[in-house]
Amino acid sequence: MSNKGAQPRRVVQLSDCHLFADTEGKLLGLNTQYSLERVIERVREEQPSMELILATGDLSQDGSRDSYERLRAMLEPLETPVLWLEGNHDKPAPMLEVLADQRERISPCYETLGNWTIIMLDSTIPDKVPGELYEQDLAFLERALNDAPGEHIMVCLHHHPVPIGCAWLDTQVVASGDRFFEILDRYPRVRAVVWGHIHQEYEAQRNGVELFAVPSTCVQFKPFSEDFSVDDANPGYRWFDLHDDGRLETGISRVEGIDFQVDFSVKGY
């Protein structure tokens with residue numbers, strides 16, 4: 001029986017850092033190292049009791065070993081376990097090499113926190129931008145859903161499994177999204193689906209399951225845009241409070257008081 005008086009478990013989501021081997025590397029004119037440092041500072045100030053970090057892909061822009069080593073070094077002072085997802089810009093070999101001692105926390109994987117189990121799925125297609133869940137990914141999902149000890153389940157992936165109203169981004173939606181949800185629909189313990197990739201805040205609901213995306217820690221994409229478009233919103237992160245009884249609370253926090261110089265003339269990334 002769950003303890004309704006228990007404190008919720010605080011989880012933080014960081015996504016789409018797009019780090020380069022060079023600390024001066026810029027995405028659309030924005031220094032991604034600098035913006036991530038500012039976001040992590042905010043996390044450190046605001047989240048003293050977080051118990052888990054979800055790093056939901058595109059952690060590196062160039063797939064370099066140096067970028068993964070630096071990201072790991074930046075997160076380690078937070079003294080919080082991390083669950084890792086690959087994004088379409090990530091390179092599995094250097095990422096796995098740098099995180100070799102954390103292999104059990106790299107997608108596909110799952111971990112239980114209190115009365116919740118968090119499942120991490122790899123939605124990438126090698127050397128392609130759009131998302132897909134292959135047969136082995138869907139098979140892992142079903143096994144994890146059957147084996148998960150938590151009474152409540154959150155499923156995380158990099159790509160969006162539903163259209164979000166951005167025409168150019170919606171060409172990159174998880175191609176097997178229908179099959180993904182057919183599986184989830186059979187498991188009433190699933191409470192939330194969480195992703196990155198879209199560089200913007202998103203919240204919706206489908207069949208009683210909450211759907212969430214997170215701002216990037218660097219450049220933001222403009223919501224409801226037909227073509228590639230950069231937004232002027234600041235970088236940020238998402239937090240979740242996971243209650244033992246299945247309730248979920250969440251919010252977005254963005255850095256403030258910093259002038260981010262983004263090149264709005266660029267028409268792709």
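Taking Cβ atoms as reference points and 9 Å as the exclusive limit, the residues near Gly63 contribute a net charge of 0, counting Lys and Arg as +1 and Asp and Glu as -1. Are there any trypsin sites (Lys or Arg not before Pro) in the stretch 217-264 that are in a DSSP loop and have at most 14 other Cβ atoms within 10 Å? List them by number. The qualifying sites are Arg247. Distance between the 7 Å Cα→Cβ label points at Tyr34 and Ala73: 2.0 nm. Helix 135-147 axis versus longest C-alpha principal axis of the chain: approximately 50°, rounded to the nearest ten. Relative to the dominant Cα principal axis of the chain, helix 32-46 is inclined by about 40°.
Amide H contacts under 5 Å for Cys109: Met120, restricted to partners 5 or more places along the chain or on a different chain, H placed in the peptide plane at 1.01 Å from N.
Going by neighbour counts of Cβ atoms within 10 Å, the residues Tyr202, Tyr134, Tyr237 line up, fewest first, as Tyr134, Tyr202, Tyr237. Among the GluC sites (Glu not before Pro) within the stretch 187-249, those in coil by DSSP and having at most 12 neighbouring Cβ atoms inside 10 Å are Glu226.
Rank the residues Thr56, Thr80, Thr23, Thr171 as a footprinting-exposure proxy: fewest other Cβ atoms within 10 Å of their Cβ go first. Kindly include the intermediate steps, with their values, before the conclusion.
On the way: Thr56 29, Thr80 17, Thr23 14, Thr171 10.
So the ranking, lowest neighbour count to highest, is Thr171, Thr23, Thr80, Thr56.
Put a dot 7 Å past the Cα of Arg186, heading toward its Cβ, do the same for Asp232, and the two dots end up 5.0 nm apart. Calculated mean residue ellipticity, 222 nm, the chain: -6000 deg cm²/dmol, from DSSP H runs (n ≥ 4) at -39500 (n - 2.57) each, averaged per residue and rounded to 500. Among Ser67, Ser253, sorting on how many other beta-carbon atoms sit within 10 Å of each Cβ, with the fewest leading, yields Ser253, Ser67. A Cβ-based charge dipole, computed about the Cα centre of the chain with Lys and Arg at +1 and Asp and Glu at -1, lands at about 400 debye.
Counting only Cα atoms, the chain measures 52, 38, 34 Å along its principal axes, largest extent leading. Taking Cα atoms only, the orientation of helix 65-75 departs from the longest principal axis of the chain by about 60 degrees. Work through the residues other than Lys222 whose Cβ is under 11 Å from its Cβ and net out their charges, Lys, Arg +1 and Asp, Glu -1. Residues near Lys222 contribute -4 overall. The spacing between the stretch 216-246 and the stretch 51-65, judged by their C-alpha centroids, is 15 Å.
Report the full-extension gain for the segment Glu249 to Asp101: residue separation times 0.36 nm, less the Cα-Cα distance, to one decimal in nm. Walk me through the intermediate numbers first.
Working: separation 148, 0.36 × 148 = 53.28 nm, distance 3.16 nm.
Length gained, Glu249 through Asp101: 50.1 nm.
Restricting attention to the stretch 91-225, close to 45% of DSSP beta bridges with both partner residues there are antiparallel.
Given the stretch 9-254, what percent of its DSSP beta bridges are antiparallel, to the nearest 5? Mind showing how you got there, number by number?
Details: 27 of 51 bridges.
Counting DSSP beta bridges with both partners in the stretch 9-254, the antiparallel share is about 55 percent.
Label sites at Trp168 and Glu151, each approximated as a point 7 angstrom past Cα along Cα to Cβ, lie 4.6 nm apart.
Laboratory data are not the source of any read-out in this text; all were calculated from the coordinates shown. Because the structure is a prediction, the values reported are computed rather than measured. Glycine gets a Cβ as well: all are built from the backbone with ideal geometry, and neighbour counts include every protein chain shown.
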